[in-house]
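> Got a structure for you, written out below as structure tokens; questions coming shortly.
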Amino acid sequence: MSSDAWTVAPARRVTGTVRVPGDKSISHRMLLFSALSPGTQVVRGLSTGLDVAATARILGQLGVPITIDGTTATIGEAPEGLTEPTDVLDCGNSGTTMRLMAGLLAGQPFLSVLTGDGSLRKRPMRRVTEPLAKMGALLDGRDDGNLAPLTIRGGNLQGIRWDSPVASAQVKSCLMLASLFATGDLAYNADHGSRDHTERLMQACGVTGQFSPGAVRMACGQSIVMPTGELTVPADVSASAFFWVAASILPGSELLLPDVGINPTRRGYLDAVHMLSYRNERTEVGEERADLVVTPPPGGWKKPLDLYGPIIPALIDEIPILAVFASRLPGVTRVREAADLRAKESDRIRTTAAMLRALGVEVLTRPDGMEITGCPERPLTGGGTIAAEGDHRIAMAGAIGALAADGPVTITGTHGVDTSFPGFLDVLESIVER
């Protein structure tokens, strides 16, 4: 069997404790803001995935003293500020790295080139290059600035008002980072809210402004000063979703997920399933976190999900694993207003539907979502193959679905899992009882 493929056998239940990797979104931002802050910062609990490693590597290319030992990063102050890189900056598969770095680099008075792997070079970048150009940066890329590689010659930025056509935390964060090197004011608006890690961390670093779910108002040119003391990244709520679903669909399961970030803009999957009771709630560096105890409800789940509107940005990344969850619910689960799924590491409407069909689930796709007919009265169908196509969330969701099948399932194209959760399959097998 190729190392790029897994075969996962059915399970009776899952039990134990899983501390999932540090939150990817917060890991990226803690590295970036530490690099902009005076002094030396130590950040613990960092995501060990390739996406965050790409951000760390690029900061090093920009002259930032940075070392990573396991899940701990030490980030020093660049003695001469950020400096022009001597080579292209490879973001790997990380859209977050490319879009946030575009904002950071737009404010620097030098030339830089951002590229990535084949998948990332297909993802839309005009959503950030257009507003950055209006701020005064000189940018270009394939497809008239929409596709990487992107060239950026920054500096001399002015704040703008930007009405974003997509509710994207990456777009918002990109412009907020650029505004740190601009004059005037930034006014950002979107029809819906999106995750707010950047706003929370910026406020913890002394940045002032008016922040609401779909809008940002802030003066440009403000400085970042990271909080003193030990900084710890909470466990990734998106990664926790895979184990939450595993324990929720296998009767007799009981799982503890400690120190999970429960930021309201990220816990959409927990809100959608009405899991609003947590243990040991607390807030550190502006981020709420808690321990999750997961058991299936007595008598099973009673109704399908209907996902649309403002909750979509808060669970957009969890839709593939929620689709597996939906397959074990009675009735028809509907996902709407989620067209941005088509611009992820894969076209996730297409690949999620293909995953479900490989497991014997009836699914109807729409341009902006899908309808999933649950089949809780029978196991999912084993013996088939799921093509993850390098998309880490499809691979991991497929592995969870395989636990509820009536035979082993093969998942191909699993190499993308290292971008977010190295060792995922080993962790999963450590809690499985067959």
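> Name the residues whose placed amide hydrogens come within less than 5 Å of the amide hydrogen of Gly407, ignoring near sequence neighbours (fewer than 5 apart) on the same chain.
Gly382, Gly383
> To continue, here is another question. Taking amide H positions as placed 1.01 Å from N in the peptide plane, with prolines and chain starts having none, which residues 5 or more places from Ser346, or on another chain, fall under 5 Å of its amide H?
HN-HN under 5 Å from Ser346: empty list.
> With contacts defined as alpha carbon pairs under 8 Å and 6 or more residues apart, what's the relative contact order of the chain in percent? Show your work: numbers first, answer last.
Details: 1045 pairs, mean separation 78.7, N = 434.
The normalised contact order for the chain reaches 18 percent.
> Once the other residues with Cβ under 11 Å from the Cβ of Ala395 are scored (Lys, Arg +1; Asp, Glu -1), what is the net sum? Show your work: numbers first, answer last.
Details: positive: Arg393; negative: Asp4, Glu345, Glu389, Asp391, Asp418.
Here the charged neighbours net out to -4.
> Could you go through segment 89-96 in sequence order and give the Karplus-derived ³J(HN,Hα) for each residue, using 6.51 cos²θ - 1.76 cosθ + 1.60 with θ = phi - 60°, rounded to whole Hz, and x for Gly and Pro?
Each residue's phi maps through the Karplus curve to give 9, 8, 8, x, 9, 8, x, 4 Hz.
> Could I ask something else about it? What share of the DSSP beta bridges in the chain is antiparallel, in percent to the nearest 5? All intermediate terms of the calculation are to be shown ahead of the outcome.
Numbers: 49 of 69 bridges.
Around 70 percent of the beta bridges assigned by DSSP in the chain are antiparallel ones.
> Tabulate in residue order the Karplus-calculated ³J(HN,Hα) for segment 366-378, using 6.51 cos²θ - 1.76 cosθ + 1.60 with θ = phi - 60°, rounded to whole Hz; enter x for Gly and Pro.
10, x, 10, x, 6, 10, 10, 8, x, 9, x, 7, 9
> Now for a separate question. Using 7 Å Cα-to-Cβ label points, what is the Leu364/Lys303 separation (nm, one decimal)?
The modelled label-to-label distance comes out at 2.0 nm.
> Near Arg142, within a Cβ-to-Cβ distance under 12 Å, what is the net charge of the other residues, with Lys and Arg +1 and Asp and Glu -1?
Details: positive: Arg121, Lys122, Arg123, Arg126; negative: Asp140, Asp143, Asp144.
Net of charged neighbours comes to +1.
> Okay, moving on. At a threshold of 8 angstrom on Cα-Cα distance, excluding pairs fewer than six apart, so keeping six or more, what relative contact order does segment 24-219 reach in percent?
Answer for segment 24-219 is 16 percent.
Throughout, read-outs are computed from the coordinates displayed, never taken from laboratory work. Just so we're clear, the structure is a prediction, and the values are computed from it rather than from any experiment. Cβ atoms come from the backbone with ideal geometry, glycine included; neighbour counts cover every protein chain shown.
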